[in-house]
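The values are calculated or read from the model by the stated rules, or taken from the named source; none is laboratory data. Bear in mind that the values here come from a model prediction, so they are computed numbers and not experimental data. Heads up, the Cβs are rebuilt from the backbone with ideal geometry, glycines too, and the neighbour counts pull from every protein chain shown.
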């Protein structure tokens, strides 16, 4: 009974303490509100992915049923955009077409690259009969009646002659009619015969026969789509899937990094609040309060603050979720229609409840970890600790610091030596960057003393006692100094590590690609998705010019009961040897002929062996491995002979993504380059140097990586900036006694302000030095990994960004110091 009454009394004390020390608890509450809001917003965005609204059917909205080739075992979410299953690559077979046609009226759909010169790179061609199912209606002219006629959606008028770029080449067509443009595609409509010439694959069939008969004749190689399922035949479905995949990839990384940072900062803030009150807790112990009663008081305070702050954070997260979604849309990560709608659905309530619960647990955990030692203080020691701060570092904290140091260094060495490919995975590598930074944060109390002495040493000879006083103030309050340096350490360390790693990885990719290209010049798409074979042939006819234009295709291999797919590049063997520098690990590139291929060593297939291969157009061939070459994950393609060029139109769009150009010995350089520029004029291909090609090749991959990591860095910075200001306000507002002592010994208000500012700068300096140390460990590991992966390791330091973040962090620390000191001085003056 006594324990219950004592616990209730301590709860009442907790309520009174909240009212008396509202500034400190407000700081803890602000940190918790923002932390919970971050977690709630990101959780809502992720959970919204599980309950997305149905997208409207587009191209086949007026079709009764659509027959689409499909592989039941194929999961498109596990493959890159544009990669087709074997069934999709082959398309509708003539046999299946005949069976479906026997059930009733059937309309053939073909989808292929067709871009009016100067038009959208997303231009797509279809046979005219399929236009009506997408709601297209002629606004002028007539349907195409001859193979040289087309119908376009805007950009030209009836009777105009338009140049159209296709994978087959460059053609001139007369506009026979026009239709209103739509939002989901930029279509060009051809006659059925011309569409069949340009694209031999049949992509889908619109069927009017009875559904039961359709499903009976289709079998397992295709599926019959009706109703909402018809959207799966729309091109926008694949684009939306890629955008959502990017969102699913990015948000968990952001949530993990931001969540771990928020938990660390919030727990540290609550612990710091308790550390500030060691004198009060010690005095409570001296007047008879038991350790359990002290812990009950702290639990009560943490529960009250945690419950209110977590509720406010969850509400703020509900509002911030759509702001985060809008940010992802603006960055080109999420689709334009993506939105988070408040509701009582479990996908909304679950992340809010999770963020609330986690906030409450973090508040309790942070407070209880710090109060354990204070709760064990003996009454006789309490009076001593009421007079001076405890500068000792506990064995547990020392062990945590040493363990963090070993983990940080060990993890970095492991990445640099054993798993260098980790740096190529943004999801894994971003999280790995946290280890040295948080290790430095764990070491902070141990590092305060030596770093303070080193940083103050240059100022000891200055006139006045300020330097000595500042040094001693920091040394006699190591836990307070470490707690206030921690947000600065996290802000600068995480931002520096993320941005430097992003820029260095991009530079290494550029350098590695440049070293792999032997050719001096190249062709690259300009306003088009690729380069047609006609353009390549034009350049090949120029005297003294060699050109290799790899055509992207897909090859399929059977592995027991499943079919695996890999990228293939169709290329002329002689041109390949002169334009691309492959590190051959077995066999010889000279042995590449019409019955062989060159594969990456990652495939585990030795040179000289024979591999059964399924081609995208349905061919089944056995190819000998002429050579193997060293490749990094994601770059392990097969090089195929020209006999398979036709498969590119089935696997992809039949376009070359780039072309490498070299000049024969003795060729007239000026004449050749002039002729090349003339040959590619008006074709959608641009002539450039190999260096320019290398930069453009990695631009898209770099864009995605930079968006992911810079977005994460921005969220971390915003949260940590607030944490810096918040922590310094808390720390300084609680030091009225120090301020009073300074005034009593004769210090002027100006001297008092300068003392506190100098101390804030010293603490900021400690945080920055630790941040730079942690970043150095991260970059050392990155250097080793890049050296293994690319043979080069350019470490790029974004000096302007790092200086700006450091300056803003320091400025916020100064503001967080000046505001409470100024308020205290004004209060004292009025008194």
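Some points to look at:
- Of everything in the stretch 297-330 that is within 28 Å of the chain's Cα centre (by Cα) and surrounded by fewer than 17 Cβ atoms within 10 Å (Cβ to Cβ), the residue that is farthest from residue 349 (Cα to Cα) is 330.
- When 645, 631 are screened for being assigned to a helix (DSSP H, G or I), more than 16 Å from residue 83 (Cβ to Cβ) and assigned by TED's automatic domain parsing to the domain that holds residue 597, only 645 passes.
- Exclusive hit being assigned to a helix (DSSP H, G or I) and within 27 Å of residue 683 (Cβ to Cβ), set 201, 157, 197: 197
- Only listed residue being surrounded by 14 or more Cβ atoms within 10 Å (Cβ to Cβ), at pLDDT 65 or above and more than 30 Å from residue 468 (Cβ to Cβ), chosen from 684, 666: 684
- The listed residues are 150, 170, and the only one of them that is in a strand (DSSP E or B) and buried (at least 17 other Cβ atoms within 10 Å of the Cβ) turns out to be 150.
Residue-wise test of (1) in contact with a helix residue (DSSP H, G or I) (Cβ under 7 Å, 6 or more places away or on another chain); (2) over 22 Å from residue 553 (Cβ atoms); (3) outside the structural domain of residue 530 (by TED's automatic domain parsing); (4) at pLDDT 90 or above.
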position: 97; (1), (2), (3), (4): no, yes, yes, yes
position: 115; (1), (2), (3), (4): no, no, yes, yes
position: 131; (1), (2), (3), (4): no, yes, yes, yes
position: 136; (1), (2), (3), (4): no, yes, yes, yes
position: 145; (1), (2), (3), (4): no, yes, yes, yes
position: 155; (1), (2), (3), (4): no, yes, yes, no
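- Failed condition for residue 77, given (1) surrounded by fewer than 19 Cβ atoms within 10 Å (Cβ to Cβ); (2) in contact with a helix residue (DSSP H, G or I) (Cβ under 8 Å, 6 or more places away or on another chain); (3) modelled with pLDDT of 90 or more; (4) farther than 21 Å from residue 530 by Cβ: (3)
- Just one of the listed residues (763, 777, 768) is buried (at least 21 other Cβ atoms within 10 Å of the Cβ), modelled with pLDDT of 80 or more, assigned by TED's automatic domain parsing to the domain that holds residue 487 and more than 21 Å from residue 815 (Cα to Cα), namely 777.
- In the set (1) within 16 Å of residue 538 (Cβ to Cβ); (2) in contact (Cβ under 8 Å) with a residue 12 or more places away in the chain, the condition left unmet by residue 674 is number (2).
To keep it simple, each residue is scored yes or no on (1) more than 26 Å from residue 454 (Cβ to Cβ); (2) assigned to a loop (DSSP other than H, G, I, E, B).
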residue: 773; (1), (2): no, no
residue: 776; (1), (2): no, no
residue: 784; (1), (2): yes, no
residue: 789; (1), (2): yes, no
residue: 794; (1), (2): yes, yes
residue: 803; (1), (2): no, no
residue: 807; (1), (2): no, no
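- Residue within the stretch 656-679 that is within 17 Å of residue 555 (Cα to Cα) and not assigned by TED's automatic domain parsing to the domain that holds residue 95 present: yes
- Residue match in the stretch 246-267 (condition: assigned to a helix (DSSP H, G or I), at pLDDT below 75 and over 30 Å from residue 442 (Cβ atoms)): yes
- Enumeration of residues in the stretch 613-628 that are part of a strand (DSSP E or B) and either in the same structural domain as residue 203 (by TED's automatic domain parsing) or in contact with a helix residue (DSSP H, G or I) (Cβ under 7 Å, 6 or more places away or on another chain) (or both): 614, 615, 626, 627, 628
- Count of residues meeting criterion [surrounded by fewer than 20 Cβ atoms within 10 Å (Cβ to Cβ) and on the phi > 0 side of the Ramachandran plot] in the stretch 91-147: 4
- Scope the stretch 46-74; condition at pLDDT 90 or above and either closer than 30 Å to residue 261 by Cβ or not in a loop (DSSP other than H, G, I, E, B) (or both); matching residues: 66, 67, 68, 69
- Residues (closer than 18 Å to residue 180 by Cα and in a loop (DSSP other than H, G, I, E, B)) located in the stretch 116-147: 119, 120, 122, 135, 136, 137, 142, 143, 144
- Unique residue being under 19 Å from residue 552 (Cα atoms) and either at pLDDT below 90 or assigned by TED's automatic domain parsing to the domain that holds residue 198 (or both) when the list is 636, 691: 636
- For the stretch 600-632, a residue qualifies if it is within 33 Å of the chain's Cα centre (by Cα) and in contact (Cβ under 8 Å) with a residue 40 or more places away in the chain, and the qualifying residues are 616, 628, 629, 630, 632.
- Check on residue 539, closer than 30 Å to residue 117 by Cα and in contact with a helix residue (DSSP H, G or I) (Cβ under 6 Å, 6 or more places away or on another chain): yes
- Given (1) modelled with pLDDT of 95 or more; (2) within 20 Å of residue 62 (Cβ to Cβ), index of the condition residue 150 fails: (2)
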